[in-house]
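Below you'll find the structure, written out as structure tokens, and then a few comments.
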Amino acid sequence: MICIVGAGFSGLTLAWELSKRGLAVEIWEQSDHIGGLISSHRDELSLRETAANALIWTPEIESLLQELELPWIPTRPEAKKRFFFRRGLKRWPLSFFESLALGIKISPAIFLRKRYFKPKDRESILDWGRRVLTEAATKFLLEPALQGIYAGDISKMSASLVLGSLFQKKRAGAPRYRGSLSFEQGMGELIERLQDRLVKKGVIFRKQSPLESYPHGKAVVLAVSAASAAKILKTRYPDLSDRLSRVQMLPLASVTLVFGPQAHKIEGFGVLFPRGQGVRSLGVLANSMIFESRGPCYSETWLMGGAQDLSVAQLTDKDCEAIALADREKLAQTLEKPLRSHVQIWAEALPHANQELKDFVDFFQERQSEVWLTGNYLGGLGLSKIYSWNCGLAEKIQNSLETKND
Ligand SMILES: Cc1cc2nc3c(=O)[nH]c(=O)nc-3n(C[C@H](O)[C@H](O)[C@H](O)COP(=O)(O)OP(=O)(O)OC[C@H]3O[C@@H](n4cnc5c(N)ncnc54)[C@H](O)[C@@H]3O)c2cc1C
């Protein structure tokens, strides 16, 4: 019996991969909720997500959804438009001369190709941007784009951790990206389907069962956050635990504002905010524009916090709502009262993709550790990357158990 600790997306998809291989699995979850950060809530006005609102569409994810017999929905054509906020909404945030300077700066890439962009060892994203792009492109393009995904501080984020995979030689069969996808009832529908199919395969769910420390004589996989894994590993694997506890966890708040259908709308996927534009949020998603079936009203989700705004963890729901409304007023040039608002504050939402995390990942991979880990701090933050990691991990676990039995 393999014990998976944590019933978030990581734990559930690993359980699926293991049970497909005929292995017996039980899942220990400390809370009463299955899905970890992810859940979807529908009312008569709209659909709201607490964390991920979409999955990157890869062939691996497509196969998973086919196995689960779960129909998905693609993004709406309008969602192809993404905006930056720099003295107003822009599809491209650089001026003519800044774009020209960028073109000249990256012209060696015509000859050097990917080698020109390859990050150096221990280089931060900020240093990479200044070396490879221009100051303006780093500030108005790169920083907001990465903050919108990683919520990190680009002067500390590791360029090879975040960008490295873009410059590796593509292996045959490597996932190709086809955009994003979700489900009629939101991401929670995927969690429910996984749970349902796992139960049918005989997987046992133990809710309200926190694992305090790594047990002896049991096949265990930790599918929890970096911070929780560090605590569980402390007594049995102090070295690994120590390195993992150096990974900074970042707070995030998401504020979903629901407006009537006549409200001012962002006509695209959403908006990213470069620093210095008088806006505190990192970005905003125009939920109703991204996917169909998000309800009769128009809704937006504003994201704030991250490495440069750690104090969001101490804010109240009212504070977060006020920040989102003030930022929205700057964007829309009009103050509209939402019909409803929902705030979700995660004190430890995501791992910081900084050099400490890169050091941990390198250490863990080099050591070929006997400890099995999965989660958003190993192979990538997004769900498709986590699933890809789990496909490889399930194979490793199966091989290891077969070797032990021989
Ligand atoms: C606001 C926000 C928006 C996001 N948007 C996207 C997006 O659009 N697309 C995307 O791909 N990704 C997105 N992400 C990232 C993605 O949601 C997460 O990386 C992913 O959900 C993490 O899943 P997980 O299972 O690794 O961790 P978690 O969801 O944190 O699950 C871990 C589980 O382990 C349990 N646990 C912890 N400790 C113990 C213990 N000791 N014993 C037992 N159980 C324990 C927890 O209770 C929890 O249920 C977003 C994240 C946030 C916060």
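The values are calculated or read from the model by the stated rules, or taken from the named source; none is laboratory data. Quantities reported herein were computed from a predicted structural model and do not represent experimental measurements. Counting neighbours? That spans all protein chains shown, and the Cβs are built from the backbone with ideal geometry, glycine included. SASA here: full protein model, heavy atoms, side chains in, ligands and nucleic acids out. Shrake-Rupley method; radii C 1.70, N 1.55, O 1.52, S 1.80 Å.
Given the condition away from the ligand (no atom under 12 Å from the Cβ), farther than 19 Å from PRO238 by Cβ and free of Cβ contacts under 8 Å to residues at least 40 places away in the same chain, answer yes or no: does some residue in the stretch 366-389 qualify? Spell out how you get there, then give the answer.
Of the stretch 366-389, the ones away from the ligand (no atom under 12 Å from the Cβ) are 366-372.
Now narrow it down to the ones that are farther than 19 Å from PRO238 by Cβ: none.
No, every residue in the stretch 366-389 fails to be away from the ligand (no atom under 12 Å from the Cβ), farther than 19 Å from PRO238 by Cβ and free of Cβ contacts under 8 Å to residues at least 40 places away in the same chain.
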| request: Search the stretch 271-290 for residues that are of a type in the set (A, V, I, L, M) and pair each with any residue that is part of a helix (DSSP H, G or I) and open to solvent by 30 Å² or more (accessible area, probe 1.4 Å) when their beta-carbon atoms are under 7 Å apart and the residues are at least 6 apart or on different chains. | output: LEU272/ALA145; LEU272/GLY148; VAL279/LYS330; LEU282/GLY148; MET289/GLU78
| task | Among the numbered conditions (1) open to solvent by less than 30 Å² (accessible area, probe 1.4 Å); (2) modelled with pLDDT under 95, tell me where LEU198 comes up short. | result | (2)
| note | Among residues of the stretch 230-260 being touching a Ser or Thr at 6+ places or on another chain (Cβ under 8 Å) and of a type in the set (A, V, I, L, M), the residue most open to solvent (accessible area, probe 1.4 Å) is MET249
| the stretch 45-58 residues that are over 19 Å from ALA253 (Cβ atoms) and touching a residue at least 60 places away in the same chain (Cβ under 8 Å), paired with ones that are among the aliphatic types (A, V, I, L, M) and near the ligand (Cβ under 6 Å from one of its atoms) (beta carbon under 8 Å, 6 or more apart) | LEU55/LEU383; ILE56/LEU383
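Name the single residue, out of those in the stretch 367-406 being in a loop (DSSP other than H, G, I, E, B) and of a type in the set (S, T, N, Q), that is modelled with the lowest pLDDT.
Of the stretch 367-406, the ones in a loop (DSSP other than H, G, I, E, B) are 368-371, 374-382, 406.
Narrowing the set further to residues that are of a type in the set (S, T, N, Q) leaves 368-369, 374, 376.
Details: GLN368: 68, SER369: 71, THR374: 97, ASN376: 96.
Ranking the candidates gives GLN368 first.
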| said: When you scan the stretch 75-84, do you find a residue that is away from the ligand (no atom under 16 Å from the Cβ), free of Cβ contacts under 8 Å to residues at least 12 places away in the same chain and either under 26 Å from VAL343 (Cβ atoms) or assigned to a strand (DSSP E or B) (or both), even just one? | reply: no
| request: Considering (1) surrounded by 21 or more Cβ atoms within 10 Å (Cβ to Cβ); (2) in the same structural domain as PHE360 (by TED's automatic domain parsing), say which one LYS139 fails and leave the rest. | output: (2)
| Residue check: is VAL271 farther than 30 Å from GLY11 by Cα, hydrophobic (A, V, I, L, M, F, W, C), modelled with pLDDT of 95 or more and in contact with a Phe, Trp or Tyr (Cβ under 6 Å, 6 or more places away or on another chain)? | yes
| Which of (1) more than 14 Å from the ligand (Cβ to nearest atom); (2) open to solvent by less than 60 Å² (accessible area, probe 1.4 Å); (3) assigned to a loop (DSSP other than H, G, I, E, B); (4) not assigned by TED's automatic domain parsing to the domain that holds ALA226 is the odd one out, the single condition ALA52 does not satisfy? | (1)
| request: Would you tally the residues in the stretch 325-354 being crowded, with 18+ Cβ neighbours inside 10 Å and part of a helix (DSSP H, G or I)? | output: 3
| Restricting the stretch 33-44 to residues that are open to solvent by less than 30 Å² (accessible area, probe 1.4 Å) and part of a loop (DSSP other than H, G, I, E, B), the residue that is nearest to the ligand (Cβ to nearest atom) | ILE38
| task | Could you please give the count of residues in the stretch 274-287 that are touching a strand residue (DSSP E or B) at 6+ places or on another chain (Cβ under 6 Å) and at pLDDT below 95? | result | 1
| note | For the stretch 293-306, pairs from a residue that is touching a residue at least 12 places away in the same chain (Cβ under 8 Å) and farther than 17 Å from ASP317 by Cβ to a residue that is open to solvent by 10 Å² or more (accessible area, probe 1.4 Å) and of a type in the set (S, T, N, Q), with Cβ under 8 Å and 6 or more apart or across chains, are ARG294/ASN287; ARG294/SER288; GLY295/SER288; CYS297/SER288; TYR298/SER288
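Residue-by-condition table, conditions (1) open to solvent by less than 50 Å² (accessible area, probe 1.4 Å); (2) of a type in the set (A, V, I, L, M); (3) at pLDDT 95 or above:
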site	(1), (2), (3)
GLN185	no, no, yes
ILE191	yes, yes, yes
PHE205	yes, no, yes
VAL221	yes, yes, yes
| Out of the stretch 380-403, which residues are open to solvent by 40 Å² or more (accessible area, probe 1.4 Å) and over 14 Å from ILE2 (Cα atoms)? | LYS385, TRP389, THR403
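Quick one: which residue in ARG197, ARG193, ARG206 is near the ligand (Cβ under 10 Å from one of its atoms) and in contact (Cβ under 8 Å) with a residue 40 or more places away in the chain? Walk me through it before giving the result.
Numbers: ARG197 fails: near the ligand (Cβ under 10 Å from one of its atoms); ARG193 fails: near the ligand (Cβ under 10 Å from one of its atoms).
Every option except ARG206 fails the conditions.
Filter the stretch 261-278 for residues that are open to solvent by 10 Å² or more (accessible area, probe 1.4 Å) and not aliphatic (A, V, I, L, M) and give the result. Please lay out each step first, then the result.
First pass over the stretch 261-278, keeping only residues open to solvent by 10 Å² or more (accessible area, probe 1.4 Å): 261-265, 267, 269, 272, 275-278.
Hits for the stretch 261-278 are PRO261, GLN262, HIS264, LYS265, GLU267, PHE269, ARG275, GLY276, GLN277, GLY278.
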